[in-house]
Amino acid sequence: MARVLPFSALLPSLESHLEADDGAAAFNAPPRSSFIRPLLDRVDPTAELGRLRAAGAVLRDARPSLYLAEVYSTAGRLGGPPVRFLLCALTPDAAEPLETGAYRPRSAQVEPALTLAADDHGVLRDLLAEAAERSSVVWQGTFEGAPVELRRIEPSPVSRRIQAALDEAPLRPLAELDERRPSLAAVVPLSDPGLHFEPVHRAICGLETFDEDTFLKLVTAYARIYDLEEPLTSPRGVGMANERLATLVRGHHAVLLVLPGGRGKILRFRQGLDLAHLKGAPRNPTLRSLDLALLNALVLRTVLGIKDPEEPNHPQVFAVRGTESLVRGVESGMFQAGFALNPPPLWEVRAVMEAAQTLPSKTLRVEPALPAGLLFLDPEA
């Protein structure tokens, strides 16, 4: 089990308004602040953070504490309660990461490792709400048009109850933690009603043998093909395609095939497929129920013959954020074709956690996003 600890925080002089970074099209691009970009651009951000501390450019909180980041919707406080992230130190003996992917130990003190906490009965959610009422505000601002508040949870009975609850709860960080020392983490309970997942789509490029007609003939062995009524080059077409993809009968799995010229087709996987005999299919039955696992095993590996499409930084398979970005990439010729996915439902992610399995790299994004740079973990504490 992971162990959540209070930590000595370094607080930068934050602007009153955080804006998305110029590279926001990149996956998980951090927001702009006076410190986060220079830190991440360094070869060793942790060492640079130590130098900033020694120079007095960041202020150290007097006593180790837990912190609470509250992210509201763009409608502000009238839009409902915020999503609450517990900022804490997470020990190296924490649970395995939920997604495979490149490990960046250099930024473990700077960028919070987003961590999902199983909270089936809402205990952690209620504790964070109680802590919010009793905590003091450290900073207020906005990020991408949404109000954000940073609060300090002083050492108290409620902070000890939060730690006790998390000592028993399954915790799964989306990325690997630093193996040498505690990492800065942002824990969010799966029971938070404002939390939702966004899918990360897939695009292919550089396949010399790819032929659209041949592909469509071969894929019929695994999926039924349905044409779309509207082109994907219009917002209406993208909206209708996403709606149709999301409203399929429960139990059916499907992806949206994006082709040049704004053409799109729904690939609805056939029921009763025996995936156990396929070499590229996950051995675990829980993982075999994921749309991305079916796409990787049936379409990318079996039909297109791509080797290890689930591997991070694959030269022919690319993770793309947003259906509109996927369509633009195919239209511009950057990609040969794209595959848009539904987000994994919360219960499916919970089942993966319960089965102690790991998702492929860049399977999902958690929304709303927590801005980086609110505070840092003091590497010298």
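Selection of segment 121-141 for residues being among the small types (Gly, Ala, Ser) and closer than 11 Å to residue 159 by Cβ yields 131, 135.
Here no strands (runs of 3 or more DSSP E) wholly within segment 116-184 include at least 2 residues being modelled with pLDDT under 95, over 25 Å from residue 369 (Cβ atoms) and among the hydrophobic types (A, V, I, L, M, F, W, C).
From the list 96, 19, 48, the one residue that fits, being at pLDDT 80 or above, surrounded by 15 or more Cβ atoms within 10 Å (Cβ to Cβ) and of a type outside the set (S, T, N, Q), is 48. Restricting attention to segment 71-90, the residues being farther than 16 Å from residue 166 by Cβ, of a type outside the set (A, V, I, L, M) and surrounded by 20 or more Cβ atoms within 10 Å (Cβ to Cβ) number 2. Looking across segment 307-332, the residues that are free of Cβ contacts under 8 Å to residues at least 60 places away in the same chain and open to solvent by 60 Å² or more (accessible area, probe 1.4 Å) come down to 307, 311, 328, 332.
Residue-wise test of (1) among the hydroxyl-bearing types (Ser, Thr, Tyr); (2) open to solvent by 40 Å² or more (accessible area, probe 1.4 Å).
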position: 100; (1), (2): yes, yes
position: 108; (1), (2): no, no
position: 127; (1), (2): no, no
position: 148; (1), (2): no, no
position: 154; (1), (2): no, yes
position: 189; (1), (2): no, no
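For the criterion of being in contact (Cβ under 8 Å) with a residue 12 or more places away in the chain, hydrophobic (A, V, I, L, M, F, W, C) and open to solvent by 10 Å² or more (accessible area, probe 1.4 Å), residue 58 fails. Scan segment 32-45 for residues that are open to solvent by less than 50 Å² (accessible area, probe 1.4 Å), in contact with an Asp or Glu (Cβ under 7 Å, 6 or more places away or on another chain) and at pLDDT 75 or above and the total you get is 1. Within segment 224-268, track down each residue that is touching a helix residue (DSSP H, G or I) at 6+ places or on another chain (Cβ under 8 Å), of a type in the set (Val, Ile, Thr), open to solvent by 10 Å² or more (accessible area, probe 1.4 Å) and more than 16 Å from residue 324 (Cβ to Cβ). Result: 225, single match. Just checking, how many residues over segment 362-381 are under 19 Å from residue 56 (Cβ atoms) and open to solvent by 20 Å² or more (accessible area, probe 1.4 Å)? Selection size over segment 362-381: 3. Selection of segment 48-88 for residues being closer than 14 Å to residue 143 by Cα, hydrophobic (A, V, I, L, M, F, W, C) and outside any strand (DSSP E or B) yields only 75. Could you go through segment 198-214 and let me know if any residue there is at pLDDT below 95, in contact with an Asp or Glu (Cβ under 9 Å, 6 or more places away or on another chain), on the phi < 0 side of the Ramachandran plot and surrounded by fewer than 18 Cβ atoms within 10 Å (Cβ to Cβ). Yes; the residues of segment 198-214 include at least one that is at pLDDT below 95, in contact with an Asp or Glu (Cβ under 9 Å, 6 or more places away or on another chain), on the phi < 0 side of the Ramachandran plot and surrounded by fewer than 18 Cβ atoms within 10 Å (Cβ to Cβ).
The values are calculated or read from the model by the stated rules, or taken from the named source; none is laboratory data. Being a predicted model, the structure only gives us computed values, none of them experimental. Don't worry about glycine lacking a Cβ; one is built from the backbone with ideal geometry, like all the others, and counts go over all protein chains shown. Ligands, DNA and RNA are excluded from the accessible area calculation, which covers all protein heavy atoms including side chains. Shrake-Rupley method; radii C 1.70, N 1.55, O 1.52, S 1.80 Å.
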